[in-house]
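So the structure is just underneath, and the comments pick up after that.
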Amino acid sequence: MRGMRENTGENRAKEARSLDRAEVSLIVPVYNEEGNIAPLTAEIKAAMERQPRPWELIFVDDGSGDQSLVRIKAEAAADKRLRYLALAENSGQSAALFTGFMEAEGTILVTLDADLQNDPEDIPRLLDLFGRDNDMVIGVRRRRQDSVVKKISSRFANAVRNRLTSEDVSDTGCSLKVIRASMARRLPAFRGMHRFLPTLMKLLGAKVAESPVNHRPRVRGISKYGVWDRAFSGFYDLLAVRWMQKRNIHGCKIRERG
């Protein structure tokens, strides 16, 4: 009887944890964005109240040298839906994202930047679109609030990626994306991966949709990537992705089974 009572108590504890389990995991890479943590957290909370799924917010601190991690810890201490991962050293956006993918509880992942240029108000609408048999929904920034040089370099890089990968992705540089977690965890992990997420998802057989999203000017901090980073630093990654497309064996159809 004692063993049965212990097992019953353990089962109830497991059920309680499962009821609290997040369905949506929001993943935010952070690198020296101390002034944006509190307002971004408040905006995400307000936006997620407009949708029914249980959620969690994961900040991935990518070796920040300012007070970002201190601000993140303060927000996490005030809300159990918030947690954080602190990388031992600055490893780049792709590494921060993939670490978040692997640690997330949710079956649905939402990615966005910490610079407040992505608008959390768009998230509930993207989640609705994701629910219509899509495996990924990518934001397309309308009326971009960036410098002319930044806009030109981004469009150039996007055009080169599309041309060499035979893609038609409107804005692969937009960080606001919704992704099926089970597929995201199967993606090849490499530096620069974040620039090719739609193409890499399609290699796994994903159905990818696009949706216009708001884009806001940066009001705090500075951009961590320059013109040449966007235009040329991912060239070797681009060749690797092209190779993966040519050598991909996903989706082979079985004619019969015995």
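The values are calculated or read from the model by the stated rules, or taken from the named source; none is laboratory data. Bear in mind that the values here come from a model prediction, so they are computed numbers and not experimental data. In this analysis, Cβ positions are derived from the backbone assuming ideal geometry, glycine residues included, and neighbour counts consider all displayed protein chains.
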Qualifying residue in segment 93-105 (condition: over 20 Å from E33 (Cβ atoms) and charged (D, E, K, R)): yes
Residue pairs meeting the criteria (Cβ under 7 Å; at least 6 apart or on separate chains; first surrounded by fewer than 18 Cβ atoms within 10 Å (Cβ to Cβ), in segment 84-104; second hydroxyl-bearing (S, T, Y) and not in a helix (DSSP H, G or I)): N90/Y31
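Mind checking which residues of segment 186-210 are basic (K, R) and in contact with a Leu (Cβ under 9 Å, 6 or more places away or on another chain)?
R186, R195
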Test set (1) at pLDDT 80 or above; (2) in a loop (DSSP other than H, G, I, E, B); (3) of a type outside the set (A, V, I, L, M); (4) over 19 Å from G131 (Cβ atoms) - G205 fails condition number: (4)
Among the residues listed as L57, L116, L127, the single one being part of a strand (DSSP E or B) and buried (at least 18 other Cβ atoms within 10 Å of the Cβ): L57
Residue ID - surrounded by the most Cβ atoms within 10 Å (Cβ to Cβ), chosen from residues in segment 170-192 that are modelled with pLDDT under 90, out of contact with any Phe, Trp or Tyr (no Cβ under 6 Å at 6 or more places or on another chain) and over 24 Å from D119 (Cβ atoms): G192
Single residue of segment 122-135 satisfying the filter (among the acidic types (D, E) and under 16 Å from the mean Cα position of the chain (by Cα)) that is farthest from M48 (Cα to Cα): D135
